[in-house]
Amino acid sequence: MTKVYVSSVIPAPAADVWKVVRDFNGLPDWAPFVAESRIEQNAHADRIGCIRSFTLKDGGRIRERLLALSDYDLSCSYAILESPMQVENYVATLSLTPITDGNLTLAEWQAEFDCTPEREAALTQQIGSGVFQAALTALKQRFGR
Amino acid sequence: MVQVRQSTIIDAPIEEVWAILRDFNGHDRWHPAIASSEIDGGEPADAVGAVRHFRLAGGGELREQLLALSDKERRLSYCLLEAPLPLMGYVASIRLKPVTDGNATFWEWRSEFHPPAHRRDELVKLVAEDIYRAGFAAIRNLLGRRDAAMPAEARPSPAIMPSRPTGVAPRSIPAPSILAPPRDTRETTRAILVERYGGPDVLELKEIALPPPAPSEVRIRHMAIGVNFIDVYCRTGFFDLLRPPGVPGMEAAGVIEAVGAAISGLSVGDRVAYACPPVGAYAERRNMTADLLVRLSDDISDEVAAASLLKGVAASFLLHDVHAVRPGEVVLIHAAAGGIGQLLVQWARHLGATVIATVSSDDKARIVERLGAHHVIVYSREDFSEAVMRLTAGAGANVIYDAVGVDTFAGSLAALATRGHLVSFGQASGPVGTWDIDRLASKSITVSRPNYAHYTDTPEKLAPHVDRFFTAFRQRAVRIGQPASYDLAKAADAHRDLETRKTSGALVLLP
């Protein structure tokens, strides 16, 4: 099992950041690499079990299932059903924690998955820096002071 | 049940912050509310179940038990067993998380307890502010880093940080906005930067950022920088006054070239010197809080000031406060030809004591004889404790000033008089290790282990020593020899010479 962890300080209160990231269908609104997204079968985007199907700007298509969404913990977990990344058992969690000192937010994004050993380093880099940290950086700039 | 939750960002790697916080008995070293702390029954401080028994700076005593500690999750929790306040059922946890795009640390401190209803607000405020937020500030202060969580205009002055390398390929991801150093054009200065603890080789000349002085600071252009054994202990990590990357050095003389907005009584062009933490003197220029600066009069040169202020202040509190030397006392001074040894010999004699000096060679013996030592022992040739007993007709020395450490400690105990006082103020040959204090009873020996900062860290503590030292200097009670000088870039050579005992007297670096 390979693990990836990234985190970032977002210069805004956790409630404000959560409004943006809790929308499971909202990636095109803030993640720089997502072109468009829809929820399959007209389900609500905060319904556990719903599937988002989105297209990356580079053309790749990904389907992910919402596993958990907590407005109390400010966290959301999901699993990949289909992607061009050659990963298995991929489960990720995006969570927010208030930083009381300055009313900021710690955003954490972590994933666990299986892959072939020779792809591990490249996937860790791609998911960690290319996807999660890049998206958190975009989030940071969205709230930028 | 109330819950208190406070969190912050500390601009330091998580390993550094955790190394401090995981020591369940170490809170007296950083939290301003804690005066002293010990673990009941001598258990290891990180053993689950250990109970820390501590005293507040305000006088109350508390006991707290470690409930869990995880180095993997960087989390620990504890509960109160006894306290002078009704924090009933108090259970608290500390949790760290890394901030991966800035090498910073998220720190959360939370607790639950049942206060009496009428004291609820007061106790919640006390825990949140006086314990947690004060703890955040103290750790930030200890690590000497800037506060990433605060808006830029409210930040304390940035710690000295290596200037960003130029010519590095831009990263594909935009640089983080709030954790990155500001991108304005900063001034730089050349300084000796310690990027990791180690031997003299870690002392490397680098270009580092020099921010504008904070409101309470002045910027000093150094003319001469003192080299002291305490700098060696900072370089090796034996003392944690310096945390890498950092600039060593606690003593220098120079000219003020800029003053902060809140400074009064000091102006550009004034000659000043200092001998105090924080470290950072091994630099061409630096910012320094103004309240511990000493003005230099024209009769004191930069080199003399830089070579002698720290040693003079130390000699002052060693001879007057740690032990008040009285006329007729027998004073034994080890490493008497060294920078501070030379001052102690002259000054103890001036105070009317009989001075016995130990040195490592005949050349050094001639130096301390010229300074007025009544007796000189070359300890490489002669057992110094036997010699002291012979010179004192079996009575022994009333006080021994010992900066040598492990090599002389046992001999010093043997050379002391009944009710003698061993002042161990350094460990040039290595730490003295563990000693059984029962043995001290055979002569009712007192042992002191003074720490420079505790005698000098406020203007009120420092000023009397500075005055006393400069007065002694002007009265020629102590004379300062011409220090050996090295280019700032050759700081490593200065440390090598100091550590291999090649030198006598003081050493200075010239920028």
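Measuring from the lowest to the highest alpha carbon on each principal axis, how far does the range B:269-328 reach, largest first, in angstroms?
Computed over the Cα atoms, the extents are 45, 27, 19 Å.
Full extension from B:D299 to B:E82: what is 0.36 nm times the residue separation minus their Cα-Cα distance, to one decimal in nm?
Details: separation 217, 0.36 × 217 = 78.12 nm, distance 5.88 nm.
Computed gain between B:D299 and B:E82 is 72.2 nm.
Excluding ligands and nucleic acids, what accessible area in Å² is computed for A:V9 using a 1.4 Å probe, to the nearest 10?
A:V9 has an accessible surface of roughly 0 Å² with all protein chains in place.
If you rank B:E16, B:E195, B:E386, A:E112 by how much accessible surface each has, with a 1.4 Å probe, what is the order from largest down?
Solvent-accessible surface, decreasing: B:E386, B:E195, A:E112, B:E16.
Equivalent ellipsoid semi-axes for the protein assembly as shown, as square roots of 5 times the alpha carbon gyration tensor eigenvalues: give them largest first, rounded to whole Å.
Each semi-axis is the square root of five times an eigenvalue, giving 56, 29, 22 Å.
For the range B:313-356, what is the Kirkwood hydrodynamic radius in Å, using each pair of distinct C-alpha atoms?
Details: mean 1/r = 0.0994 Å⁻¹.
Over the range B:313-356, the inverse of the mean reciprocal pair distance is 10.1 Å.
Would you work out if chain B is rounded, prolate or oblate? Take a ≥ b ≥ c from the square roots of the eigenvalues of the alpha-carbon gyration tensor; rounded if a/c is under 1.5, else prolate when a/b is larger than b/c, oblate otherwise.
Oblate.
PRE reach from B:D467 (point 7 Å along Cα→Cβ): which of the range B:289-310 fall under 18 Å by backbone N?
Hits in the range B:289-310 for B:D467 at 18 Å: B:291-297.
Quick one: what does P(r) look like for the range B:81-139 with 5 Å bins over all Cα pairs, in whole %?
Reading upward from the zero bin: 4, 15, 23, 23, 15, 9, 6, 4, 1.
Report the accessible area of A:D46, computed with a 1.4 Å probe over the heavy atoms of all protein chains in place, in Å² rounded to the nearest 10.
70
Suppose accessible area is computed on protein heavy atoms with a 1.4 Å probe; arrange B:K72, B:K311, B:K443 from highest to lowest.
From most exposed to least exposed: B:K72, B:K443, B:K311.
For a quick check: with amide H placed at 1.01 Å from N, whose amide H comes under 5 Å from B:S216's, ignoring anything fewer than 5 positions away on the same chain?
When sequence neighbours closer than 5 places are left aside, the close amide H contacts are B:A262.
By the gyration tensor of its Cα atoms, with a ≥ b ≥ c the square roots of the eigenvalues, what is the shape of the range B:1-138: rounded for a/c under 1.5, prolate for a/b over b/c, or oblate?
oblate
Mind running the shape call on the range B:294-369? Use the C-alpha gyration tensor, a ≥ b ≥ c as the square roots of the eigenvalues: rounded below 1.5 for a/c, prolate if a/b tops b/c, oblate otherwise.
Judged from the Cα gyration tensor, the range B:294-369 comes out oblate (a/c at least 1.5, b/c at or above a/b).
In terms of Cα to Cα distance under 19 Å, which lysines are near enough to B:K502, apart from those fewer than 8 places away along the same chain?
B:K311, B:K364, B:K490
If each DSSP helix of 4+ residues adds -39,500 (n - 2.57) and the sum is divided by the residues in the protein assembly as shown, what number results at 222 nm, nearest 500 deg cm²/dmol? Working shown, then result.
On the way: 17 runs with 151 residues, N = 656.
Counting only the DSSP helices, I get -6500 deg cm²/dmol.
Heavy-atom accessible area of B:E122 with all protein chains present, probe 1.4 Å, nearest 10 Å²?
Spelled out: B:E122, probe radius 1.4 Å, area about 90 Å².
Return the average number of partner chain Cβ atoms within 10 angstrom of each residue Cβ along peptide B:350-361.
The shielding value for this peptide is 0.
Across the residues of A:5-12, average count of Cβ atoms on other protein chains within 10 Å?
Mean inter-chain Cβ contacts per residue within 10 Å come to 5.
Near A:K3, which lysines are there with a Cα under 17 Å away, not counting those fewer than 8 places off in the same chain?
Partners found: B:K72, B:K97.
Once you list every other residue whose beta carbon is under 14 Å from the beta carbon of B:F473, what net charge do they have if Lys and Arg are +1 and Asp and Glu are -1?
Details: positive: B:K311, B:R468, B:R474, B:R476, B:R479; negative: B:D298, B:D299, B:E303, B:D467.
Net charge in that neighbourhood comes out at +1.
The values are calculated or read from the model by the stated rules, or taken from the named source; none is laboratory data. What you see is a predicted model; the values in this text were computed from it and never measured. Glycine gets a Cβ as well: all are built from the backbone with ideal geometry, and neighbour counts include every protein chain shown. Each accessible area value is taken on the protein alone, full model and side chains, heavy atoms only, with ligands, DNA and RNA left out. Shrake-Rupley method; radii C 1.70, N 1.55, O 1.52, S 1.80 Å.
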